[in-house]
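Working notes for the structure below.
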Amino acid sequence: MSTIRAAAASCGSARPARAMPRSVEPGMAETQTPVWLLGAPFSGLTWLAGVLGTHPQLYATPQLHLTLADDVDGLLDIFATSQGEHGHGLLRTVAEVACGGQTDAGVAAARGWLEQRRKLKVSALLAELAARVAPRRLVIPDAETALRPYELLRLLRLAPDAPLVQLVRHPYTQGRLMSAWGVERLFVPMDYKDYSQDPPQVEPQIPWLRAQMNLDRAAGYARLRRITAEDLDRDFLDTLAGLCQWLGVDADPVTLELMADPGRWPYAGLGPAEAPGGLEPDVLMDWPAGLGAQAPAGSLENPLPWRDDGAAFDPQVQKLARGYGY
């Protein structure tokens, strides 16, 4: 514990301020409600975060997974027992905005910074992060929350006025990427698998359908804008301009051209050795040529290349995808 305290002390304002609304420290600017980027895994959410993160009025983070718990104590306990990299995005963000940068030392200090805030609600942690990047507006990608209604409800309680951006990728393209990723994975979340097969197999259309249906339901309770990865591929600047206008930030040609290079985003690529994760695999892996290409005609009805039984998409997936214009 002494090591954690020492690490926390190396961060600016290591202890949370007392008696301040929303845990905002003295001198910090008032903030806007964060923007959330939501969708199914392998939809391109952290790539879009990288694009928006280069906008001078926005500050995009890696995936923070803040909807896993109501308080920081629960969040850190889940991160500690997770088989994945769920805590890495938050560590990288805290290191970057509060602890001197994304280095191993910065990540160690970020762990201490978070330990000091174990008693906070996640809403207070979110407010403090938003205040630290103000006047830029926080943008948070999340490829898991939409899969689970209880996490999506937690998000709506956490940030009831937050604008939600639903990013959709054609289920065929998303499925090819996700199935290639899952081939030799030892750990795959249970809600990515089809248990009607023996042994259970990664079935990308399950999380695709679940995420879209949950977000469609949430649209009745939240301010939500849907865009597709294909729109961004076909007409990047116009699609991005429309999104920026909806968010109330500059959409002039100079700003949009700057956003065409997400490699300028501070979180592009892997983080330091102590917290390398936080981004989706679709922006980190070297994919075979053409794997992420736009879906060919007939792909909603034809047999799926990742299934051995010759099955096509479930009728529910076909219907929803057609409703999105595919």
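No lab work stands behind these numbers, since they all come straight from the coordinates. Since this is a predicted model, take the numbers as computed values, not measurements. Ideal geometry is used to build each Cβ from the backbone, glycine not excepted, and the neighbour counts take in all protein chains shown.
Using only Cα atoms, tell me the angle between helix 236-247 and the longest principal axis of the chain; keep it within 0 to 90° and round to the nearest 10. Taking the Cα atoms of the chain, the angle to 236-247 is about 50 degrees. For the chain, the 222 nm mean residue ellipticity estimated from helices alone, with every DSSP H stretch of n ≥ 4 adding -39500 (n - 2.57) and the total spread over all residues, rounds to -11500 deg cm²/dmol. Other residues lying with their Cβ under 14 Å from the Cβ of residue 221 contribute a combined charge of +2, Lys and Arg counting +1, Asp and Glu -1. Taking Cα centre as origin and charging only the Cβ of basic (Lys, Arg, +1) and acidic (Asp, Glu, -1) residues, the dipole magnitude of the chain rounds to 1080 debye. When peptides 140-146, 253-259, 274-280 are ranked by their average number of other Cβ atoms within 10 Å per residue, the highest-first order is 140-146, 274-280, 253-259. Its residue count N fixes a reference of 2.2 N^0.38 Å for region 118-199, and the Cα radius of gyration divided by that reference is 1.45.
Here each label is just a point 7 Å from Cα along the line to Cβ, and for residue 221 and residue 311 those points are 3.0 nm apart.
The charge dipole of region 32-144, taken about its Cα centre with unit charges on the Cβ of Lys, Arg, Asp and Glu (plus for the first two, minus for the last two), comes to roughly 360 debye. Dividing the convex hull volume of the alpha-carbon atoms in region 36-164 by its residue count gives 106 Å³ per residue.
Computed from the C-beta positions of residue 70 and residue 301 and an R0 of 41 Å, the FRET efficiency is 0.40 to the nearest 0.05.
Cross-link partners for residue 119 among the aspartates and glutamates, with Cα-Cα distance under 13 Å and sequence neighbours closer than 8 places in the same chain left out: 70, 71, 73, 77. When 79, 187, 42, 313 are arranged by Cβ crowding within 10 Å, least crowded first, meaning fewest neighbours, the order is 187, 79, 313, 42. In region 29-92, the inverse of the mean reciprocal separation of distinct Cα atoms equals 13.3 Å; this is its Kirkwood hydrodynamic radius.
Using C-alpha pairs below 8 Å separated by at least 6 residues, the relative contact order for the chain is 27 percent. Averaged over residues, the count of other Cβ atoms within 10 Å places the peptides 298-308, 197-207 in the sequence 197-207, 298-308, highest first. Exposure proxy shown here: for 178, 213, the number of other Cβ atoms within 10 Å sets the order, fewest to most, as 213, 178.
Given a 10 angstrom Cα cut-off, can you work out which residue in 248, 106, 271 is the most mobile in a GNM of the chain? Maximum fluctuation in the GNM of the chain, among the listed residues, is at 248. Sorted ascending by nearby beta carbons within 10 Å, beginning with the fewest, 216, 286 become 286, 216.
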